[in-house]
Amino acid sequence: MDALPRWTRDQMAARVARDIPDGSVVNLGIGLPTLIANHLPEGREVILQSENGILGMGPAPAAGQEDYDLTNAGKQPVTLLPGGAYFHHADSFAMMRGGHLDICVLGAFQVSARGDLANWHTGAHDAIPAVGGAMDLAIGAKRTFVMMEHLTKAGQSKLVETCTYPLTGLACVSRVYTDLAVIDVGPRGAVVVDIVDGLEWDALQAVTAVALARA
Amino acid sequence: MIDKIAHSAAAALADVKDGATVMIGGFGTAGLPDELIAALIDQGARDLVVVNNNAGNGDTGLAALLGAGRVRKIICSFPRQVDSWHFDKLYREGRIELELVPQGNLAERIRAAGAGIGAFFTPTGYGTVLAQGKETREIDGRMQVLEYAIHADVALIKAERGDRWGNLTYRKTARNFGPVMAMAARCTVATVHEVVELGALDPEAVVTPGIFVQRVVPIPRTATRGAGFKAA
């Protein structure tokens, strides 16, 4: 593989966390985005929502304190912060679908320059499909961010002109955080807002399958 | 006198028929009514259509019902998990039908059934394969997909405390689909860990009012097992 300078996963998470304003209600998707919770700056109050019926989700419990009636979307044990609340599934998804969440951060297989998202199914013939809450989150939050590696393991750009994997939602992503750059997507195409230290513009463009504009 | 307390899970499920649509509460193992599922396996009903968020974990609960070959079709949002081997095998062998539904559509279609709503339009899934062949319409400048209510013959749910009128409270995220499934089924059977006298539940804190519940089965508490994820 190439030897491009890269943000680590924790640096990516910290970069996303920087863009989450004080007072936001946020849903962090399964996988990479869950790291963001560890990087919210001190003094910033952010309420985490979990699709299975939590507002005010706290960190994992201490070893031995796990209660499997209190889990996150990945079914792992979590805790409830003071002020937190439980609610049923229709209310939880009304929070997403009704536009009440400020931000959701999702992982992705592919994102298009206009903000189409593919993150639930590779379309492989023998794969068993599973969608969960991805389609509701993608179109429901006020802003949908994606956090993903810039390239696949095979070195293919995950930012694409047109998604080739089955879609999760159309024109729903507004910003993509990768290990190489932060890129706005939407009607104006892909616009680079931040780039990892030491990475030249031409090198970023060379590994990206869509034309990049400067902010 | 109204008394919805059933003396056993078997008694509560005696009249489930072959071919029934059975909603089963739970998100993974949280809120999954294991004892009712075990009783349903013993009861013997077949060709069931099951509605649950997932498709079973490990070898017990919903996974055991699938493994016993009792389920013709499952309506769910997230069947594939690290420990869903019973479902995976049936699916790969073509022995179970899967209707894959975005989780919010699943919850809202169930809620709609309980509220007497035949169908609704939602932006979720528009432009994806899960909306293929469905009616669409532009509403408020946004393309939306028509989704129909999901009704059930029976709902099996897990609650925390209940009384003889069928009023229920839940525990933490084990609540999940219980309250909406209770509304959507002709007959809702709920397990509780404690049966209390009328008036003992704070009326301000009752989550499911008794009108949505037909049978209440007291079950001793056991710790919910973790499942559905890779241990670190």
| remark: Ordered by number, the GluC sites (Glu not before Pro) in segment B:74-117 that occupy a DSSP loop and have at most 11 other Cβ atoms within 10 Å are B:Glu93
| message | How much of the DSSP bridge set in chain B is antiparallel, in percent, rounded to the nearest 5? | response | 30 percent
| task | Please order A:Ser50, A:Ser157 by the number of other Cβ within 10 Å, starting at the fewest. | result | A:Ser157, A:Ser50
| note | Quick numbers on segment A:9-214, Rg and Dmax over C-alpha atoms in Å, give 17.1, 51
| remark: Dividing the helical contributions, -39500 (n - 2.57) per DSSP H run of n ≥ 4, by the residues of chain B yields a 222 nm value, nearest 500 deg cm²/dmol, of -5500 deg cm²/dmol
| task | Work out, step by step, the length gained on full extension between B:Ala11 and B:Arg164: first 0.36 nm times the residue separation, then minus their alpha carbon distance; give nm to one decimal. | result | 53.5 nm
| task | On a 0 to 90° scale, report how tilted helix A:9-18 is relative to the longest principal axis of chain A, with both axes built from alpha carbons and the result rounded to the nearest 10. | result | 80 degrees
| task | In a Gaussian network model over chain B where Cα atoms closer than 10 Å are linked, find which of B:Gly19, B:Gly162, B:Gly94 has the largest mean-square fluctuation. | result | B:Gly94
| note | In nanometres, the difference between 0.36 nm per residue of separation and the alpha-carbon distance of B:Val206 and B:Ala115 is 30.9 nm
| request: Return the FRET efficiency for the residue pair B:Arg186, A:Lys142: r is the Cβ-Cβ distance, R0 is 35 Å, and the value is rounded to the nearest 0.05. | output: 0.35
| Relative contact order, percent, of chain B when contacts are C-alpha pairs under 8 Å separated by at least 6 residues? | 24 percent
| said: Output the 0 to 90 degree angle, nearest 10, between the alpha-carbon long axis of helix B:103-114 and the longest principal axis computed from the alpha carbons of chain B. | reply: 60 degrees
| task | Residues in segment B:103-127, backbone N under 15 Å from the label point at B:Leu146 (7 Å along the Cα-to-beta-carbon vector): list them, ranges by number please. | result | B:118-123
| said: I need the per residue convex hull volume for chain B, using only the alpha carbons, in cubic angstrom as a whole number. | reply: 145 Å³
| request: Could you calculate the FRET efficiency of A:Ala124 with B:Lys73 from 1/(1 + (r/R0)^6), where r is the beta carbon distance between them and R0 is 22 Å, rounded to 0.05? | output: 0.45
| query | Counting other C-beta atoms within 10 Å, which of B:Glu147, A:Glu45 has the fewest, and how do the rest follow? | reply | A:Glu45, B:Glu147
| message | How large is the direction-averaged shadow of the alpha-carbon convex hull of segment B:23-79, in nm²? | response | 3.2 nm²
| said: Can you say what percent of the DSSP beta bridges in the protein assembly as shown, counting only those with both residues inside, are antiparallel? Round to 5. | reply: 40 percent
| request: Determine, from the Cβ-Cβ distance of B:Ile139 and B:Lys230 and an R0 of 25 Å, the FRET efficiency 1/(1 + (r/R0)^6), rounded to the nearest 0.05. | output: 0.05
| task | Let me know the charge dipole size of segment A:9-214 about its Cα centre in debye, to the nearest 20, where only the beta-carbon of Lys, Arg (+1) and Asp, Glu (-1) is charged. | result | 420 debye
| message | For a quick check: sort A:Ser174, A:Ser112 by the number of other beta carbons within 10 angstrom, fewest at the front. | response | A:Ser174, A:Ser112
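Where a number appears in this text, it was derived from the coordinates with a stated rule and is not lab data. These numbers were taken from a predicted model, which means no experiment stands behind them. Note: ideal-geometry Cβ built from the backbone for every residue, glycine included; neighbour counts use all protein chains shown.
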